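The values are calculated or read from the model by the stated rules, or taken from the named source; none is laboratory data. Worth saying up front: this structure is predicted, and the values here are computed from it rather than measured. When we count neighbours, we look across all protein chains shown, and the Cβ atoms used for this are built from the backbone with ideal geometry, even at glycine. We work out accessible area using only protein heavy atoms, side chains counted, and drop any ligands, DNA or RNA first. Shrake-Rupley method; radii C 1.70, N 1.55, O 1.52, S 1.80 Å.
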Protein chains: 2
Amino acid sequence: MRDVSQSLSGWMRGTGPEGDIVLGSRIRLARNLKGIPFPGAATREQLKHVLQIAESIPPAMNSFAPVRLLRMAEVEVLERQLLVEEHLISPEHTKNTHAKGVILAKQDEVSVMINEEDHFRIQVFHPGLQLDGAWRLADTVDDAIEAQLDYAFDQERGYLTACPTNVGTGMRASVMLHLPALKLVNQVTHILGAVTKFGLAVRGLYGEGSDTQASIYQLSNQATLGMSEEGIIERLNRLTNQILEGERQAREYLLSPQNRLATEDRLYRSYGILTNARSISGQEAMALLSDVKLGVELGIITNVDANLLKQLIVLTRPAHLQKVMGQELPPEERDRLRASLIRDTLK
Amino acid sequence: MRDVSQSLSGWMRGTGPEGDIVLGSRIRLARNLKGIPFPGAATREQLKHVLQIAESIPPAMNSFAPVRLLRMAEVEVLERQLLVEEHLISPEHTKNTHAKGVILAKQDEVSVMINEEDHFRIQVFHPGLQLDGAWRLADTVDDAIEAQLDYAFDQERGYLTACPTNVGTGMRASVMLHLPALKLVNQVTHILGAVTKFGLAVRGLYGEGSDTQASIYQLSNQATLGMSEEGIIERLNRLTNQILEGERQAREYLLSPQNRLATEDRLYRSYGILTNARSISGQEAMALLSDVKLGVELGIITNVDANLLKQLIVLTRPAHLQKVMGQELPPEERDRLRASLIRDTLK
């Protein structure tokens, strides 16, 4: 079996500050070209024109090499799913692929979706809690593109975007948090419910409505109008740190003398199932990998690399699994091979 | 940790014919002394007299050495439970211990309860399906005792016993069956229900009303009147072989191409939990040990001795667990040490 982790984008393989809880930080900037309708209102010809204009972007991004532009219509269905599973494109970007594209740069730390909801959506991913660093990189990419193109910008309102909630900075900052202890002590709904009052949105690992079996949550700002990029980041940083504090307290609680045995029992049982099951669904795998990751970070389970568990959560998704196996597979066969991949990787 | 299996009686450590499914065979003979009321109707003095008479039995059983007579009142509570867990005495024999006793001989293959429901209950245990052998041994023990004592016997009705169902041969023959495959394919109730129509009784591992978490069932004849010992054994043997056939067919079904993956998955998950749990109840341990025993016998799980699993089912019962640990333990502590003993033993 080949080293599957090499197929993952850089931010997923790496770790960063608070990397035990914060899987990654993402900055997304929505940008549109002046004088061309937003993709939802544009003609097929206009969309095609945007994609042609986008071809001038890769040369401008030389300092983020290697840079490649993929036309979605030319990307195989399985490859599209891989990009979704690594968060490099949205699920919507795989459908209706006319004139859609994506630019990938800097070991996939940078992606630019073309003709998604906006003409361009610049995204930067960093491992761990690195919103500032991700923002600085996104800003540099944005400047490099802006030097080539003419953005739709209004002195009063800022960057113009297809959806009104993005008008202004056009920025969405988000963090991907692994909160297994808060979930175990039944506090996660309460705590995440509280942050929505501060204008933050909470989603599952794969966006709105996706399950949270793995105790992974995406936290991001809702609106951008009337706030600076720094203001958005500062607030998300502050709230993230409060949640981190809550997660760390919950972890201490799980290790307290009266809870330790039950915690060890729960996490080791998950490890036992994960290293012995012969067939496992994606959902169950995520839940068990989440438990084992917590077990390693609590110092209860040894001999397993916590970062490997974070990678396995993505590697055991259907498209990655099929890439590893080198073939398309029916669901039952996927469950069997998922179990096999996990056993081989953890042993 | 000492070799705990040495504390088990011989029939539990050993294996016999059909030993993968038949854990053991037992013959029990109910005998009473002429001229003394059955224990339920006897005075305390009369019961004491029976126990005094019983003291002449061990010397008569020299050929089954080593022989020892235990007076239940002098046996510690924990030791009484050990005898129950190894099936050498009944649970009732641990209560109201006045003038109760038990004679143990031949590495506990032979036990004689004194002043249980009858004055004497001679029991012989053999591993595997060996009803004939157990009956021959029981008959020899019976002859040796009868040479010393005067049994209550009626030419018409045979041996007189406290309970009318035992009148006649006074014999109960039973087999202890592990039927995990029949249980997995939901056929066990159907098949065992059928045998009760042939006058057999079905009980759990520890008698009437005890749970069948471990898929272990005791099968025995209900009545003895009007049948010879050989007739009783022949019928039980025949019905046991039919059940064995059913269990073997169910095992083949579990290994068939369309079921094999699900079977492997189920049994390996049980193994994974068993070898990783940090706290486990007696009931759950029995159920998981049963699964793993099946896994070993199906050739799915390797590196584990199936006989060890059979022993662990008894060794993880409360009294044995406390004997192994050398101390009395509260239930939560028992669950922790049970998990620990199982992990240490299986690894």
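Going by average Cβ density within 10 Å per residue, which order do the peptides B:330-343, A:295-308, B:309-322 take, highest to lowest? Each step should come with its number before you reach the end.
On the way: B:330-343: 18.3, A:295-308: 16.2, B:309-322: 22.4.
Peptide ranking by packing, descending: B:309-322, B:330-343, A:295-308.
Give me the tail of P(r) for the protein assembly as shown as a percent: Cα-Cα pairs with distance above 34 Å.
Values: 141947 of 240471 pairs.
When all Cα pairs of the protein assembly as shown are counted, 59 percent exceed 34 Å.
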Where along chain A is the Cβ that lies nearest the axis linking it to chain B, and how many Å separate them? A:G272, 2
Could you let me know the centre-to-centre spacing of region A:155-199 and region B:265-334, using Cα atoms, in angstrom? 48 Å
If I compute solvent accessible area with a 1.4 Å probe over the protein chains, what percent of it on the protein assembly as shown is carbon and sulfur? 48 percent
In nm, one decimal, shortest first: how far is the label point of B:Q242 (7 Å from Cα along Cα to beta carbon) from the matching points in the other copies? 7.2
Can you list the distances in nanometres, one decimal and ascending, from the B:N303 label point to the identical position in each other copy, with the point 7 Å along Cα to Cβ? 0.9
Alpha carbon Rg of chain B, scaled by the compact-globule rule 2.2 N^0.38 Å: 1.02
Considering the zone a paramagnetic label at B:Q52 would reach in this model (a point 7 Å from Cα along the Cα-to-Cβ line), which residues of region B:93-108 have amide N under 15 Å from it? B:99-100
Provide Rg and Dmax in Å for region B:232-347, with only Cα atoms included in the calculation. 16.5, 49
Provide an ascending nm list, one decimal, of label-point separations from B:R44 to the equivalent residue in each further copy; define each label point as 7 Å from Cα along Cα→Cβ. 10.5
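Using a 10 Å cut-off around each Cβ of peptide B:257-263, what is the average number of partner chain Cβ atoms that fall inside?
Across the residues of B:257-263, the mean count of other-chain Cβ atoms within 10 Å is 2.
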Number of partner chain Cβ atoms within 10 Å, mean per residue of A:276-288: 3
Roughly speaking, what is the stretch gain from A:N96 to A:S281, that is 0.36 nm per residue apart minus the C-alpha to C-alpha distance, in nm to one decimal? 63.7 nm
When Lys and Arg each count +1 and Asp and Glu each count -1, what net charge do the other residues less than 12 Å away from A:N276, Cβ to Cβ, add up to? +3
Kindly provide the pair-distance distribution of region B:137-239 built from C-alpha pairs, with 10 Å bins from 0 and whole-percent values in order of increasing distance. 14, 39, 29, 14, 4, 0
Quick calc: nm separation of the 7 Å Cα→Cβ label points for A:A262 and B:E252 -> 4.8 nm
A student applying the Cα gyration tensor rule (rounded when a/c is under 1.5; otherwise prolate if a/b is larger than b/c, oblate if not) would label region B:26-171 rounded
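Before we go on, tell me the buried accessible area for the B/A pair, both chains summed, 1.4 Å probe, in Å² to the nearest 100.
1400 Å²
Just list whichever of B:K48/B:K323; A:K183/A:K310; A:K95/A:K197; B:K183/B:K310 have alpha carbons separated by over 22 Å in the model shown. Write out the running numbers ahead of the final one.
Values: B:K48/B:K323 30 Å; A:K183/A:K310 17 Å; A:K95/A:K197 33 Å; B:K183/B:K310 17 Å.
From B:K48/B:K323; A:K183/A:K310; A:K95/A:K197; B:K183/B:K310, over 22 Å: B:K48/B:K323; A:K95/A:K197.
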Per 10 Å bin, what percent of the C-alpha pairs of region A:89-147 does each bin hold, from zero upward? 23, 50, 26, 2
Helix axis angle, B:331-346 relative to chain B longest principal axis, alpha carbon, degrees: 70 degrees
Which of B:A99, B:G193, B:N259, positive extreme of dipole for chain B (C-beta unit charges): B:N259
Degrees between helix B:229-255 axis and first principal axis of chain B (Cα, 0 to 90, nearest 10): 10 degrees
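Express the accessible area of chain A per residue in Å², computed with a 1.4 Å probe while the remaining protein chains stay in the model. Before the final figure, lay out each step's value.
Details: 14270 Å² over 347 residues.
On a per-residue basis, 41 Å².
Quick one: pull the percentage of alpha-carbon pairs in region B:206-294 with a separation above 16 Å. Mind showing how you got there, number by number?
On the way: 2646 of 3916 pairs.
So the portion of pairs separated by more than 16 Å is 68 percent.
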Between region B:123-144 and region A:32-67, the Cα center-to-center distance that results, in Å: 90 Å
Points 7 angstrom from Cα along the Cβ direction at B:Q242 and A:Q107: gap in nanometres? 7.0 nm
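When every alpha-carbon pair in region A:19-112 is counted, what percent end up more than 18 Å apart? Intermediate values should be presented prior to the final figure.
Values: 2243 of 4371 pairs.
In whole percent, the share of Cα-Cα pairs in region A:19-112 beyond 18 Å is 51.
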Calculate how steeply helix B:260-274 sits against the longest principal axis of the alpha-carbon atoms of chain B, using the helix alpha-carbon long axis, and give the answer as 0 to 90 degrees to the nearest 10. 70 degrees
